[in-house]
Amino acid sequence: MSRLAGTLAAGDARWGFLIRFLVVAAAMLLLAPAVLSDFRLSLLAKFLCFAIVAVGIGLAWGQGGMLVLGQGLFFGLGGYSMGMYMKLEEAGPGQLPDFMVWSGVESLPAVWEPFRHAWFALPMAVLLPMAVAAVLGTLVFRQRVRGAYFAILSQGLAAAFVIVLVGQQGLTGGTNGLTNFTQLFGLDLTAQANASILYTMVALGLLAVFLIARQLVASRYGRVLVAVRDSEDRVRFLGYDPTRIKVVAYTAAAGMAGLAGAMFVPIVGIISPALLGILPSIEMVIWVALGGRAVLAWAAGGAVLVNWVKTGLSERFPSGWLYLFGMVFVVVIAFAPKGMAGIGEYVRAGLGRPGAVRLGPRARDRATARDRAAQEPA
Amino acid sequence: MEIFLSQLFIGLSVASILLLVALGLTFTFGQMNVINMAHGEFVMAGAYTTYVIQGALGASLVTLGFLVALPLAFLVGGALGVVLEWVLIRRLSGRPLDTLLATFGVALILQQVARDVFGASNVQVRAPAFLDGAITVAGVSMSYTRLFIIALVGVCLAAIWAHLGRSPAGRRMRAVMQNRDLAAASGVRTPRVDRRTFFIGSGLAGVAGVAVTLLGSVGPTLGTNYLIDAFLVVIVGGLGRLRGAVMAAVALGLFNAYVEYGTDASIAKAAAFALIVVFLQFRPQGLVVQRARGLT
Amino acid sequence: MTDAPLLEIRGLEVIFDGFHAVDGLDLTVREGEVRFLIGPNGAGKTTLVDAITGLVRPAGGSIRFAGEELVGQREHRIVGLGVGRTFQTPTVFEQLSVLENVDVAASFRLPFRSLLRRRRGVTDRVRRALEDVGLAELQEEPAGVLSHGQRQWLEVAMVLCQRPRLLLLDEPVAGMTGEERLRTGELTTRIAAEGTTVVVIEHDMDFVRRFATRVTVMHEGALLAEGTVAEVQQDAMVRDVYLGRPRDARGAAVVA
């Protein structure tokens, strides 16, 4: 009897998810292009890129407990892979990208050469970040570097990356980064009308990434990942190698950031160190914290919402925006660690869903236990 | 040989500032398991303190202003630290990663305060006259400012050493650092010790801020530049270990100075980072929390 | 019960900062035994278990399990070879449900690709382990709400469903009521009857007398005596060790 009820409840959850997913997908793919101006659509496309990064952070941090403060590195690797390809495509065969000519570089650096080919550059945008994350993650997690140490290391990595980008002007375009893009695969990037094509591409990318991440979270692997977050050492004595479990989530998050970076470049038209350093990297975590670290959809939603508000406010009240942003962030982290997802939960509990009423005190116990368990592992 | 010595000198002076910033971090991290991302902003506060005092005293009293700034920056940094500990960090005990993030939010706010009060562009602090010039030893020209910084850090270090080793308050600090529960059970008032540790650590960051004004201009994001390097010093040196922090700071400072000379600053940064990851493969012990019985 | 040694420890040494926690210990456990490990506090019992399971690195000696050297292997590999353990302070995954806790434990041999699939229903092995420890009713609850005793049970269920060849229980009945102790003892006996070799660290002498077949007494990191409960209680050296420490109430219980 209880088993039957369980199966039904599980089935309910699956149908509920499918319906919600289809509604959001329809809104993103059909509604948004219909009602938004090209300018707004292109803005939303940018936010969806950030949402892809956020899904990865939700996976690594929200589920796996790895506070990834350096996602800018992976976003940048993806972005620069794409940017290099686009620069070379525009320069034409045998030619140098414009900024190299200006800084007196005479022949194409060897690192750039393979990025002439789309079949190399596009996969690299995702594979390169994943490879870096896999190597670094293995080295670091194997030595049981975790918690705040890992956070600082990942942040240091992004900082070092930016310093190299700025320092190696001739190779990377320095502070200016790669910019002045006009076309991609024959698509005129300067024409506003093409915004919807790029937007659709990003929206599909986000939906795909979300499904992958959700499958990871819902699978047995996802349970083990949460177990690793709760007590890495205990998992070891159950016969799992926590290094491997963590590396998978970290690498997946890196791949997602890389994909987002690659899509970001044709939409926004630039990739530069200013988008990747310590501050932008931690901002990515802030989106997820505000949205809700433990819920992937809210992590993505947080990225869109925060950036939407930011666009609205930061130009009119640059100083006020930063105070607001900082304050809200501190308050949310300190007093509402579940973010907006937590508010949603709270409202739902307050409205008294029939299920919650029937369970009564037991449901409350469960909620408090979750709250307790939601604290960071020491 | 001369190049070797002059890079040694530069490396040591950079290491000194790193160390001063890292000391506060290593104490609060070692004792309370708190990563304070606003620590860099305390450095910035110390630097602006110097700027304000110079402005108030006028051009004729630069030297006096600078000397007054040293203890005052200690107090300013310390006071900021205590307030932060009292308002925010205490409420986040047992959540180290959330503390890290929340204090970063505070750092953002403090930077914006500096931007609104002092302007977004950098300001200059004048070095006192007695630090003009340089002394040449064995063909190496050593500027007085850098010598002063090294000496200042030496004095701070000696004071900390004496404080930890000899004073009852220092002993309580060490006790809490080694075993918080046991210290609490033995009658040590740990919240008080925490506040004191925070005061001293943040105060040292303020002093570092004064020292930094000798090396360049002062801006709202001054602290961020030092923070990551200081954290790397803490990671390499080990938790709450004074000696470890000293060795790590010197190693990092020298490495940077020499590699930078051979290549350029950006390569040196990347190489230092790679070196730390490699270092962790051989000596993660400095990083991992002491093994206790069972799994907690 | 067969006579083949499953666990053979020779000259084991574990040193913490100059302190010899385990000092040249030899120990042989045969397949199918229920071996109890007793000794005063600080005798090195838990350290021994930690060394077997890879949590601490021995300074010398060898630990052979089913012919395979365990010293120097990583923890999860040792588990993979068939050595399971529980801890004095039970650690469960508070954010997973009771069922998920056990399911995670039971899935440890799955190839990675299968891990990426969802759990569908409850496997027999998991259901049985939950029923064995009496937590089937609570399986949907998050483990965070469990009491201390229930967490101990959950840990046992987690290690049981892994079907280890050698099961190391570190003070499994500490803090349990008399009835719970009885149940733990019976469960231990049944596990052994089904072919798992069990090593139990325990202080409670009633429990030891009731369920032990062989007892090993440790003292200051070395083996002091070995035999049946009766033999050990008659041993002069064991009496000396325990009587020489009259304040050790648990030790006094050995000769009582």
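Among the GluC sites (Glu not before Pro) in segment A:41-126, which ones are in a DSSP loop with at most 12 other Cβ atoms within 10 Å of the Cβ? Mind listing them?
For GluC sites (Glu not before Pro) across segment A:41-126 that sit outside H, G, I, E and B with at most 12 neighbouring Cβ atoms in 10 Å, the list reads A:E106.
Say we join alpha carbon atoms closer than 10 Å with springs in a Gaussian network model of chain C; which of C:G18, C:G84, C:G221 then has the biggest fluctuation?
Highest fluctuation of the listed residues: C:G18.
Average partner chain C-beta neighbours within 10 Å, per residue of A:323-335?
Per residue, the average neighbour count from other chains is 6.
Of A:M263, B:P128, B:V82, which is farthest along the charge dipole of the protein assembly as shown in the positive direction, counting Lys and Arg as +1 and Asp and Glu as -1 at C-beta?
Working it through, the farthest residue towards the positive pole turns out to be B:V82.
Give or take rounding to whole Å, what are the principal axis extents of the alpha carbon atoms in segment A:186-287, in descending order?
Extents along the principal axes: 58, 29, 22 Å.
If R0 is 45 Å, what FRET efficiency do you get for A:F185 and C:E131 from their C-beta distance, rounded to 0.05?
0.15
Which angle from 0 to 90°, rounded to the nearest 10, does the C-alpha axis of helix B:265-282 make with the longest principal axis of chain B?
Helix B:265-282 sits roughly 30 degrees off the main axis of chain B.
Within 10 Å of each Cβ in A:138-149, how many Cβ atoms from other chains are there, averaged over the peptide?
Taking the mean over all residues of the peptide, I get 5.
Would you mind giving the mean number of other chain beta-carbons within 10 Å of the Cβ of each residue in B:107-117, as a whole number?
Other-chain Cβ atoms within 10 Å of each residue's Cβ, averaged: 4.
Scan segment B:168-242 for trypsin sites (Lys or Arg not before Pro) in coil per DSSP, keeping those whose Cβ has at most 10 other Cβ atoms within 10 Å, and list them by number.
Loop-located and lightly packed - none at all.
Taking one equal scatterer on every alpha-carbon of segment A:39-277, how large is log10 of I(q)/I(0) by Debye at q = 0.07, 0.08, 0.13, 0.17 1/Å?
Reported log10 I(q)/I(0), two decimals: -0.24, -0.32, -0.78, -1.19.
Cross-link partners among lysines for A:K338, C-alpha distance below 26 Å, same-chain residues fewer than 8 apart left out?
Partners found: A:K46, A:K246, A:K310.
Ratio of Rg to Rh for segment A:234-279, alpha carbon only, Kirkwood?
With Rh from the inverse mean 1/r over Cα pairs, Rg/Rh is 1.25.
How large is the dipole of segment B:65-167 about the Cα centre if only Lys and Arg carry +1 and Asp and Glu carry -1, each at its Cβ, rounded to the nearest 20 debye?
180 debye
What do the square roots of 5 times the Cα gyration tensor eigenvalues come to for segment B:19-243, in whole Å, largest first, as semi-axes of the equivalent ellipsoid?
They are 31, 21, 15 Å, listed largest first.
Add -39500 (n - 2.57) for each DSSP H run of 4 or more in chain A, then divide by its residues: what number comes out at 222 nm, to the nearest 500 deg cm²/dmol?
Taken over chain A, the calculation gives -24000 deg cm²/dmol.
Taking Cα atoms, how many degrees apart are the long axis of helix B:144-166 and the longest axis of chain B, rounded to 10 and kept between 0 and 90?
20 degrees
Using a 10 Å Cβ count of at most 14 others and DSSP loop calls, identify the longest part of chain C lacking such GluC sites (Glu not before Pro).
Looking at chain C, C:1-139 is the longest stretch - no exposed GluC sites (Glu not before Pro) with at most 14 other Cβ atoms within 10 Å.
Out of the DSSP beta bridges found with both residues in the protein assembly as shown, what percent are antiparallel (nearest 5)?
65 percent
Gaussian network model of chain C, Cα springs within a sub-10 Å range: biggest mean-square fluctuation belongs to which of C:V156, C:V241, C:V199?
In the Gaussian network model the winner is C:V241.
Can you give the Kirkwood hydrodynamic radius for chain C, in Å, rounded to one decimal and based on Cα pairs?
In chain C this quantity evaluates to 19.0 Å.
How large is the charge dipole for segment C:93-162, taken about the Cα centre, if only the Cβ atoms of Lys, Arg (+1) and Asp, Glu (-1) carry charge, to the nearest 20 debye?
So the magnitude is around 520 debye.
On average, how much area does the Cα convex hull of segment B:82-122 cover when viewed from any direction, in nm²?
Taking a quarter of the hull surface, the average projection is 3.3 nm².
Tell me, what HN-Hα J-couplings in whole Hz come from the Karplus equation 6.51 cos²θ - 1.76 cosθ + 1.60 at θ = phi - 60° for each residue of segment C:202-207, using x for Gly and Pro?
Running phi through 6.51 cos²θ - 1.76 cosθ + 1.60 with θ = phi - 60° gives 8, 9, 6, 6, 4, 4 Hz.
Would you mind checking the radius of gyration and Dmax of segment C:93-162 based on alpha-carbon positions, in Å?
11.4, 35
Modelling each spin label as a point 7 Å along the Cα-to-Cβ direction, I'd like the A:V101/A:V331 distance in nm, to one decimal.
5.4 nm
When the convex hull of the Cα atoms of segment B:181-235 is projected onto a plane and the area is averaged over all directions, what value comes out in nm²?
5.1 nm²
Over the alpha carbons of segment A:30-163, what is the largest minus smallest coordinate on each principal axis, giving the biggest first in Å?
The principal-axis extents, from largest down, are 47, 45, 26 Å.
Take the Cα gyration tensor of segment A:134-182, multiply each eigenvalue by 5, square-root it, and list the three semi-axes largest first, rounded to whole angstrom.
30, 11, 9
For chain A, modelled as a GNM with alpha-carbon contacts under 10 angstrom, which of A:A45, A:A148, A:A60 fluctuates the most?
It is A:A148.
Angle, helix A:147-167 long axis vs. longest principal axis of chain A, Cα atoms, 0 to 90°, nearest 10?
Once rounded, the angle reads 10 degrees.
Among C:D124, A:D188, A:D233, rank each residue by its count of other Cβ atoms within 10 Å, from fewest to most, as a rough exposure measure.
Fewest-to-most ranking of C:D124, A:D188, A:D233: C:D124, A:D188, A:D233.
After finding the eigenvalues of the alpha carbon gyration tensor for segment C:166-213, what semi-axes result from the square roots of 5 times each, listed largest first in whole Å?
In descending order, the three semi-axes are 17, 11, 10 Å.
Could you give the radius of gyration (one decimal) and Dmax (whole number) of the Cα atoms in the protein assembly as shown, in Å?
30.7, 96
How large is the dipole of the protein assembly as shown about the Cα centre if only Lys and Arg carry +1 and Asp and Glu carry -1, each at its Cβ, rounded to the nearest 20 debye?
1540 debye
Rule-based calculations on the coordinates, nothing more; no lab input. The structure presented is a predicted model; accordingly, all values stated were derived computationally and were not measured. Don't worry about glycine lacking a Cβ; one is built from the backbone with ideal geometry, like all the others, and counts go over all protein chains shown.
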